Amino acid sequence: MKAAIHSAASALVLSFVLCGTAQAQDDEGGAGGEADRFSSNEIVVTAQFREQSVQDTPIAISALSSEMLEQKGVGDIVGAANLAPNVQLSSNAGNFGGMAAIFIRGVGQADPHFAVEPGVGMYVDDVYFGVLTGSVFELMDVDRVEVLRGPQGTLAGKNSIGGSVKLFSKRPGPTPDGFIEVGYGSRNSILGRGATNVTLAEGSLYARIAMGAKYSEGYVDRLDYACATGDFSGGTQRLGEDCKIGEQGGQQVFSARGSLLWTPNDRIENLLVVDGTRDRSQNPAIKTLMQSPLWAGANNYITGPEDYTNYEDYLSVPTGGSSAGVTFTMPDTTPLDAWGISNTFEAELGDSLNFTSITAFRSSKVTFSSLVDGTPASILDQAWTLDHEQFTQELRLNGAMGDILDWTLGGYYYKANGTSGGRVNIPGGLVVGGGGLELDILFRDPVETESKSVFAHTVWHPVDRVNFTAAIRYTEDSKDFTFNRYDLDGSEHPVLGPLLDYAVAYEGDRVDYRLGADVEWSPDFMTYAQVSTGYKGGGVNPRPFFTTQAIPYEPETLTAYEAGFKSKLADGRVTLNMAAFFNKYNDFQATLLLCDSISPFPGAPCTQSTNVGDAEIKGVEAELFMEPVDGLTFDGSVGYLDFEYTSVNPDTGITLDMTNVYTPEWTAAAGLQYAADLGGSGTLTPRVDLSYRSRVEGDAVNTPLSSLPGRALLSAKLTWRSVDEDWEAQASVTNLTDKFYYNSTFLRDPAPYFAAVGIVGAPRTFMFSIKRRFD
């Protein structure tokens, strides 16, 4: 491992030397206007509160324009983020509906509960989303996506300890800039979306409307166990001649967005945005990975290793208390309703003084089932509803002192109210091996969160082409939890009664900083180095079964040391960016399934959020874009990551040789396309894309069952465009080789559950679409 790090570091140094030499030769030869022809792969970003070319921004950032996303066939934020090195974004993580697990450089959060802070900040149009609920965003009318790698403690604030993902939508304007797209594909998939600008007052008031919808049938069939096996002794749920009683993995999503841009004069601009999403998709596609004779008996609930089937019937049967033997139905879909409104006001107060205000309110409500077995048995059946509202206000003042200093001062406020509620049924009981103290409860846990911060970001220019960055942010956090556990008649639960109006609070504060330097050796070659910090907020374990488990945990913190370069070579036909980093990761947070040290008896049920230890993370990453000849382009990225624990709490069951969840050692993505000129018939562009990740772990306590092998996925696309580019037809296929794989796992292998499922990735999928553009 050390040899690999040494080799990667040596390669980085060698690349510095080679790129510097090449750039010196380019400067002497004079690239001139030829280099400008290949600037289309260079995107303007706002990662440092100012518009900058991505090649001039001295941080590790991947930027994807709408054209790039369309070329790659990316339809949501999952696909966009996974194109960047050392980024792992998985949908349907942990069998919690459509929630996403987002990790950058080995840091993130897979728990969708809003009381557990995300480790990667998710932003849409500069508005922070405080929860993972509904974070698998559709890219229906996107302008660009920015993926910032490494802690963004000063630029983005708390919960961007691993980095941040920022989506920017297209803004209204004076031209129509409209399109309509429809598509049809595998599993009766239907796609429809469109957008256009509307001029309300020439020169001052413009609107933009965008809408999108998609539908597809599921790709995992739920079979009736009696019908499939011929054993009808336990009854049947079949509804017809065949054994299929339902599906999983299907989608049904509608989203809309409206924006209003008002520019009364050349110094004031106001953008009002309203958006909404209605999602009625099926539950995640799962397969049973583990069963026990304690609850399965002689039945075999595990289907073929690559069969897209299971025996889940979404019927839960309590075995104790007043509801013993009374079956209730779990949701087989994950209904989500989310909406938001934001207003961005910008004013030019002087030649070098600008003011920005971003005010936003968001609301979401999602209901989902979380079942650990995928069978007709009832092992650990959970029905959840997460209801969340947040208000955010950010103020920025940007200025400059001549050519010496660019500065930004600002403040940020976040206020959220959320309630988690539902029903949990554990027929196996609370004791080791099951068989007693069966648990069937209702719960309702409100949480209030507040965060306030102030920040300053400065960039100094002591001499031409040399810049120094110094930034600082101070943040105060508070959270108030109230836990309630009820019996099914709404009264105090006979076993968990003490958890009734049980209040626990958390408070904390934090100072983060960033110090960096960058040098522009030539117009096409820049190097940078920096040290930066970030943190993920602390809180209180949000899922206690007993009062002894309702305890606070501390923030996790990270200090990152990073160096890199950004370059353009071969008269602008090649762009190569590289970075190397070393992170000190302290008080790492994880979710534990066994916590005997804080439970009333050994083997007690547990889902505990807590601090587990410290780690060091080392890595190297590179991004490449080439256009060797006109029309032929190649883009690729590769990331290497070495995550090593330096200390762990032995009570957690984690050992020093384990690694973090969703943290592959290697990630890579590559795409190749050629635009063939058909003369008066337009262009025909075939494209092939490959994505790869090495082995990942699905549970903090690594086990063979939770370990997912490396995978490589191939996709292909053929696109025809008319000469004027008004018409476009596209045929695409994802998972071209029809590989069977798991996105993640959901385990409860300790007693009394002895169960596990894998969340299955989609099989080969075809899609044909037609688009009409209106300029």
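Take the residues in the range 317-331 that are polar (S, T, N, Q) and more than 33 Å from the chain's Cα centre (by Cα); name whichever of them is modelled with the highest pLDDT. Checked the range 317-331; the qualifying residue modelled with the highest pLDDT is T327. Of the residues L83, L14, L69, the single one that is closer than 30 Å to Y561 by Cβ and either at pLDDT 70 or above or surrounded by 14 or more Cβ atoms within 10 Å (Cβ to Cβ) (or both) is L83.
When you check T334 against the structure, is it at pLDDT 95 or above, surrounded by 17 or more Cβ atoms within 10 Å (Cβ to Cβ), in contact with a strand residue (DSSP E or B) (Cβ under 6 Å, 6 or more places away or on another chain) and among the polar types (S, T, N, Q), yes or no? No: the conditions fail for T334.
Restricting the range 644-659 to residues that are of a type in the set (S, T, N, Q) and open to solvent by 30 Å² or more (accessible area, probe 1.4 Å) leaves a set whose member that is nearest to C606 (Cα to Cα) is N649. Residues in the range 254-270 that are surrounded by fewer than 20 Cβ atoms within 10 Å (Cβ to Cβ), in a strand (DSSP E or B) and touching a strand residue (DSSP E or B) at 6+ places or on another chain (Cβ under 7 Å): F254, A256, G258, L260, W262, T263, I268, E269, N270.
The residue that is nearest to D524 (Cα to Cα), counting only those in the range 558-601 that are hydroxyl-bearing (S, T, Y) and open to solvent by 30 Å² or more (accessible area, probe 1.4 Å), is Y561.
In the range 216-243, the residue that is nearest to G185 (Cα to Cα) out of those that are open to solvent by less than 50 Å² (accessible area, probe 1.4 Å) and without any contact (Cβ under 8 Å) to a residue 12 or more places away in the chain is G240. Restricting attention to the range 452-491, the residues being at pLDDT below 95, in contact with a Pro (Cβ under 9 Å, 6 or more places away or on another chain) and open to solvent by 80 Å² or more (accessible area, probe 1.4 Å) number 0. Look at the range 439-455: where a residue is in contact (Cβ under 8 Å) with a residue 40 or more places away in the chain and a partner is in a strand (DSSP E or B) and open to solvent by 40 Å² or more (accessible area, probe 1.4 Å), sitting 6+ places away or on another chain with Cβ atoms under 6 Å, you get L442/R423; L442/Y486; K452/Y413; K452/E476; S453/Y412; V454/Y474. The number of residues in the range 680-698 being part of a strand (DSSP E or B) and either polar (S, T, N, Q) or open to solvent by 50 Å² or more (accessible area, probe 1.4 Å) (or both) comes to 8. Applying the selection to the range 392-412, what residues are surrounded by 16 or more Cβ atoms within 10 Å (Cβ to Cβ) and either within 23 Å of the chain's Cα centre (by Cα) or of a type in the set (D, E) (or both)? Residues satisfying the conditions are T392, E394, D406, Y412. Restricting attention to the range 125-143, the residues being outside any loop (DSSP other than H, G, I, E, B), at pLDDT below 90 and under 26 Å from G411 (Cα atoms) number 1. Selection within the range 718-748: residues that are outside any strand (DSSP E or B) and open to solvent by less than 50 Å² (accessible area, probe 1.4 Å). The member of this set that is nearest to L672 (Cα to Cα) is N735. As a summary of the residue check, F103 satisfies the conditions (1) in contact with a strand residue (DSSP E or B) (Cβ under 6 Å, 6 or more places away or on another chain); (2) buried (at least 24 other Cβ atoms within 10 Å of the Cβ); (3) part of a loop (DSSP other than H, G, I, E, B) except for the one numbered (3). For the range 411-426, check the following and say yes or no: at least one residue is in contact with a Gly (Cβ under 7 Å, 6 or more places away or on another chain), among the aliphatic types (A, V, I, L, M) and within 25 Å of V116 (Cβ to Cβ). Checked the range 411-426: at least one residue is in contact with a Gly (Cβ under 7 Å, 6 or more places away or on another chain), among the aliphatic types (A, V, I, L, M) and within 25 Å of V116 (Cβ to Cβ). When T610, T633, T659, T663 are checked against the criterion of being touching a residue at least 40 places away in the same chain (Cβ under 8 Å), in a strand (DSSP E or B) and closer than 27 Å to A590 by Cβ, a single residue qualifies: T610. Is it true that some residue in the range 301-316 is assigned to a strand (DSSP E or B), at pLDDT below 95 and crowded, with 16+ Cβ neighbours inside 10 Å? Checked against the condition, which is being assigned to a strand (DSSP E or B), at pLDDT below 95 and crowded, with 16+ Cβ neighbours inside 10 Å, the range 301-316 yields at least one hit.
Can you say whether N197 is modelled with pLDDT of 95 or more and closer than 30 Å to N343 by Cα, as far as the supplied structure shows? Criteria met by N197. Note on the range 749-775: residues that are under 30 Å from I379 (Cα atoms) and assigned to a strand (DSSP E or B) amount to 6.
Note on the range 680-707: residues that are more than 30 Å from F625 (Cα to Cα), in contact with a strand residue (DSSP E or B) (Cβ under 7 Å, 6 or more places away or on another chain) and of a type in the set (A, V, I, L, M) amount to 2. Of the residues screened, L496 is not one that is of a type in the set (A, V, I, L, M), in contact with an Asp or Glu (Cβ under 8 Å, 6 or more places away or on another chain) and modelled with pLDDT under 95. Being buried (at least 17 other Cβ atoms within 10 Å of the Cβ) and either touching a Lys or Arg at 6+ places or on another chain (Cβ under 8 Å) or of a type in the set (A, V, I, L, M) (or both) is not true of V274. When the range 639-662 is filtered for residues that are in contact with a helix residue (DSSP H, G or I) (Cβ under 7 Å, 6 or more places away or on another chain) and of a type in the set (D, E, K, R), the ones remaining, listed by number, are D642, D651.
In the range 717-732, the count of residues that are modelled with pLDDT of 95 or more, of a type outside the set (S, T, N, Q) and within 22 Å of Q88 (Cα to Cα) is zero. Restricting attention to the range 290-300, the residues that are in contact with a Phe, Trp or Tyr (Cβ under 9 Å, 6 or more places away or on another chain), over 21 Å from L708 (Cα atoms) and assigned to a loop (DSSP other than H, G, I, E, B) add up to 2.
Entry remark, the range 492-551: residues being open to solvent by 60 Å² or more (accessible area, probe 1.4 Å) and aromatic (F, W, Y) number 3 in total.
The values are calculated or read from the model by the stated rules, or taken from the named source; none is laboratory data. All of these numbers come straight from a predicted model, not from anything done at the bench. A quick note on method: Cβ atoms are made from the backbone with ideal geometry, for glycine too, and the neighbour counts reach across all protein chains shown. Just the protein is used for accessible areas: all its heavy atoms, side chains included, with ligands, DNA and RNA removed. Shrake-Rupley method; radii C 1.70, N 1.55, O 1.52, S 1.80 Å.
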